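Just so it is clear, none of the values below were taken in a lab; they were calculated from the coordinates. Only a predicted model underlies this, so the values are computations on that prediction, with no experimental measurement involved. Virtual Cβ from ideal backbone geometry, glycine too; neighbours counted across all protein chains shown.
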Amino acid sequence: MLSFFLNVDNSSWYNKLRFMENKNPKLTKTRQKKIISLVLAYWKRLLLAALCMVVVAGANGAMALLVKPVMDDIFINQNRDMLLLIPGIAILVFFLKGAGTFGSEYLMNYIGENIIRFFRESLYEKIMDLPISFIHKEKTGALMSRITNDVNIVKGMVSTAVINLFRDFFSVIAFLFVIFYRDWQLALGAFVVLPLAFYPIILFGRRVRKFSTGTQETMADLNSFLHETFTGSKIIKIFNLQDFEKERFKEKTNILFRLEMKKVIAKALSSPVMEFLGGLGIAFIIWFGGLRVINGSSTPGTFFSFLTAVMMLYDPVKKLSKLNNTIQEGIASASRIFDVLEESSIIMETKNPEKLMGRSFDVEFDHVDFSYNDNEAPVLNDINLKAAPGEVLALVGMSGGGKTSLVNLVPRLYDVTRGRVLIAGKNVKDLSIKSLRDHISIVTQEPILFNESVKENIRYGKMDATDLEIENAAKDAFAYEFIQGFPQGFDTIIGELGSRLSGGEKQRICIARALIKDAPILILDEATSALDSQAERLVQKALENLMKGRTSFVIAHRLSTIDYASRIILLKNGAIKEQGTHDDLMAQKGDYFKLQTMQTAKG
Ligand SMILES: Nc1ncnc2c1ncn2[C@@H]1O[C@H](COP(=O)(O)OP(=O)(O)OP(=O)(O)O)[C@@H](O)[C@H]1O
Ligand SMILES: [Mg+2]
């Protein structure tokens with residue numbers, strides 16, 4: 001078992017672990033200061049808690065002190081007054097200890113829970129504000145584990161550690177006082193043995209931290225694995241990959257098991273080792289102290305009071321030694337939390353962002369290049385395109401041509417790599433992000449609905465919309481009728497519908513949400529692709545009405561749905577290949593012509 005614990009350096013997962021640890025360097029000074037200032041914000045409660053802890057420590061010391069009069073006055077001298085007085089004092093001491101323990105636990109957990117809440121909220125706010133690319137990169141499950149798992153461990157560090165640090169530290173002082181007060185010569189002798197205990201504390205602390213970083217990372221990985229396989233369960237079943245995924249899951253739980261066991265061993269070894277070293281000290285005290293009582297230079301009461309203090313000293317010292325483990329775990333978690341909190345968002349506002357004013361804007365792409373990652377080939381190359389106020393532009397082209405990527409640049413879901421996107425002549429980077437997005441309404445390629453009522457999902461487009469406005473938007477999106485057919489109509493919760501909602505129904509709810517926003521710039525990315533031709537024609541009519549006076553980008557594969565557009569842009573491999581009206585492009589007999597003839601031949 002021990003060799004399993006010590007002999008790990010050459011196994012591959014251990015190296016992987018070390019690599020992970022490198023990603024989380026120790027908490028920097030500024031991070032430490034941040035945590036300390038969070039705790040100190042509760043200084044009044046902290047002071048009160050410290051007072052409670054002093055009371056507990058005092059009571060602890062008093063218990064050890066009481067052993068001497070019990071021994072010498074009651075047992076040896078048989079003093080009857082003391083027989084009444086000392087139990088009375090004992091009751092008081094135990095009461096004070098209880099009250100102090102409760103007070104300090106309550107107050108410190110109050111502070112700890114508040115700090116958890118602070119970190120949870122800051123993490124959520126930060127993640128909400130970070131660009132989409134960050135969430136793609138970090139994986140949903142892993143981010144969730146920051147908010148659910150890591151914050152708890154930090155709480156452990158803050159409240160448990162502070163309690164132990166102060167209460168046990170004060171107790172140690174109280175016991176040391178008793179020990180030296182009772183017999184300083186015996187004390188000096190005993191303390192030759194103690195320093196031996198320090199080395200293992202340091203050693204175990206380091207090990208625990210190493211494994212703890214590993215378990216948290218693995219847990220986060222497990223979380224994202226679960227998230228992906230549960231949401232993708234349909235695909236897993238269809239492709240008969242249950243066994244494959246089960247195997248992968250087993251591998252992950254296996255890694256976790258081994259890491260946890262290493263941690264358990266490191267933790268579990270630290271107590272027995274300490275205890276054994278303590279035992280050596282006790283043996284010495286019995287020998288040396290006993291000798292002094294036999295010689296007559298000490299009394300049995302002094303000896304037992306001393307021994308009691310030494311034995312009671314063991315508990316707080318043990319806790320203090322575990323404190324290092326808790327702090328190391330906390331530091332590992334805290335540094336993962338700060339990694340997210342300190343992530344600098346690439347999509348930032350300028351110092352004095354401008355507000356977008358008015359109801360009608362032109363949108364211009366000026367020499368725009370864009371790539372998702374620095375080292376990847378650009379997905380958009382030198383795009384130059386200007387949509388006049390109120391103009392409807394249709395974007396067509398092969399899948400992967402860059403249509404979605406192009407429109408995502410307008411609300412700054414991503415930022416251009418080169419060039420500029422201008423709205424009403426203003427670079428979108430100079431605009432306040434809120435005001436920019438307030439003026440853009442979008443129906444995304446995948447319909448995204450939240451697990452709220454249908455009504456609330458539509459209201460997402462305009463938070464102060466009345467029920468009547470919501471119903472009208474639903475009517476315009478041709479969603480009213482099927483929504484009426486739901487068990488609770490507009491109040492039906494999306495999740496309760498399960499998979500009952502069809503692709504086309506989802507799309508129409510999303511369209512209603514976009515309609516109600518009533519924004520001057522409209523982006524429709526395959527908004528009607530899941531509808532049958534008849535429904536599409538109807539929704540199309542509504543959308544055309546809606547698009548009047550709004551600068552619109554309409555992406556469509558089915559070319560029949562965009563023939564009303566004032567200009568059609570054909571994107572191919574991230575560049576504009578053809579543009580013009582339907583008739584222009586047909587006359588050119590290029591890619592658009594080919595697509596059109598293919599589709600009409602099929603249809
Ligand atoms: N989040 C992403 N990270 C990296 N590359 C991406 C990302 N999203 C899209 N791409 C790549 O960018 C290119 C353009 O994709 P985009 O989604 O803009 O195409 P599209 O024209 O909208 O296609 P479709 O008609 O299939 O929706 C593709 O090669 C795609 O692989
Ligand atoms: Mg797309």
Farthest towards the positive end of the dipole of the chain, among Phe191, His136, Leu559 and with Cβ unit charges of +1 on Lys and Arg and -1 on Asp and Glu, lies the Cα of Phe191
Put +1 on the Cβ of every Lys and Arg and -1 on every Asp and Glu Cβ in segment 106-171; which of Tyr106, Val154, Phe118 then has its Cα farthest towards the positive end of the dipole? Val154
For the residues Tyr592, Tyr460, what sequence is obtained by ranking on other C-beta atoms within 10 Å, fewest first? Tyr460, Tyr592
Can you put Met586, Met547, Met598 in order, fewest other beta carbons within 10 Å first? Met598, Met586, Met547
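Give me Asp563, Asp591 sorted ascending by neighbouring Cβ count inside 10 Å, so fewest comes first.
On the way: Asp563 12, Asp591 17.
Ascending Cβ contact count within 10 Å gives the list Asp563, Asp591.
Among 250-257, 209-216, what's the highest-first ranking by average C-beta atoms within 10 angstrom per residue? List each step's numbers first, then the result.
Details: 250-257: 13.4, 209-216: 23.5.
Ranked from most to least packed, the peptides come out as 209-216, 250-257.
Please state, to two decimals, what the Cα-based radius of gyration of the chain comes to when divided by 2.2 N^0.38 Å (N = residues). It would help to have the intermediate numbers written out before the result.
Values: Rg = 35.1 Å, N = 603, 2.2 N^0.38 = 25.1 Å.
Cα-based Rg divided by the globular estimate yields 1.40.
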For segment 403-418, Karplus couplings with θ = phi - 60° (6.51, -1.76, 1.60), whole Hz, Gly/Pro x: 5, 4, 4, 5, 5, 5, 6, 5, x, 6, 5, 9, 9, 4, 8, 8
At R0 = 60 Å, how high is the FRET efficiency between Met261 and Asp583 if r is their beta carbon distance? Nearest 0.05 is fine. 0.25
Karplus-derived 3J(HN,Hα), 6.51/-1.76/1.60, for each residue of segment 424-438, Hz, glycine and proline x: 6, x, 9, 4, 4, 5, 8, 8, 5, 4, 5, 5, 4, 6, 4
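In deg cm²/dmol, rounded to 500, what helix-only [θ] at 222 nm does the chain give when every DSSP H run of at least 4 residues adds -39500 (n - 2.57) and the total is split over its residues? Walk me through the intermediate numbers first.
On the way: 23 runs with 363 residues, N = 603.
Theoretical 222 nm ellipticity from helices: -20000 deg cm²/dmol.
Enumerate the helices in the chain for which the Kyte-Doolittle hydropathy averages 0.0 or more and the C-alpha atoms extend at least 15 Å along the helix's axis, using complete DSSP H runs.
On the way: long enough: 12-23 (17 Å, -1.44); 29-40 (16 Å, -0.03); 43-69 (39 Å, 1.39); 80-129 (74 Å, 0.53); 169-182 (20 Å, 2.17); 198-231 (50 Å, -0.14); 242-295 (78 Å, 0.24); 300-341 (60 Å, 0.42); 503-517 (22 Å, -0.08); 533-547 (20 Å, -0.37); 591-602 (16 Å, -0.89).
The answer, listed by residue number, is 43-69, 80-129, 169-182, 242-295, 300-341.
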Show the residues, 5+ positions off or on another chain, whose built amide H is closer than 5 Å to the amide H of Leu431. Glu354
Ordered by packing density, taken as the mean number of other Cβ atoms within 10 Å over each peptide's residues, highest first, how do 231-238, 519-526, 576-583 rank? 519-526, 576-583, 231-238
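Given contacts defined as C-alpha pairs under 8 Å and at least six residues apart, what's the relative contact order of the chain, whole-number percent? Write out the running numbers ahead of the final one.
On the way: 842 pairs, mean separation 88.8, N = 603.
It comes to 15 percent, rounded to a whole number.
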Note, segment 133-144: 3J(HN,Hα) by Karplus (6.51, -1.76, 1.60, θ = phi - 60°), whole Hz, Gly/Pro = x, goes 4, 5, 5, 4, 6, 7, 6, 3, x, 5, 5, 4
Taking the Cα centre of each part, how many Å lie between segment 422-479 and segment 225-239? 30 Å
Given H placed 1.01 Å from N in the peptide plane, which residues other than close sequence neighbours of Leu395 have an amide H under 5 Å from its amide H? Val554, Ile555, Ala556, Ile569
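Using the structure shown, select from Lys246/Lys319; Lys455/Lys541; Lys34/Lys355 the pairs with a Cα to Cα distance greater than 32 angstrom. Present the calculation step by step, with values, prior to reporting the outcome.
Numbers: Lys246/Lys319 40 Å; Lys455/Lys541 23 Å; Lys34/Lys355 34 Å.
Correct reply: Lys246/Lys319; Lys34/Lys355.
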Centre separation in Å (Cα based) which lies between segment 300-334 and segment 22-96: 13 Å
5 angstrom amide H check on Lys572, placed H, neighbours 5+ away: Lys577
Prolate/oblate/rounded call for segment 467-542, Cα gyration tensor, a/c under 1.5 rounded: oblate
Distance cut-off 22 Å, Cα to Cα: go down the list Lys234/Lys517; Lys386/Lys577; Lys137/Lys434 and report the pairs above it. Lys234/Lys517; Lys137/Lys434
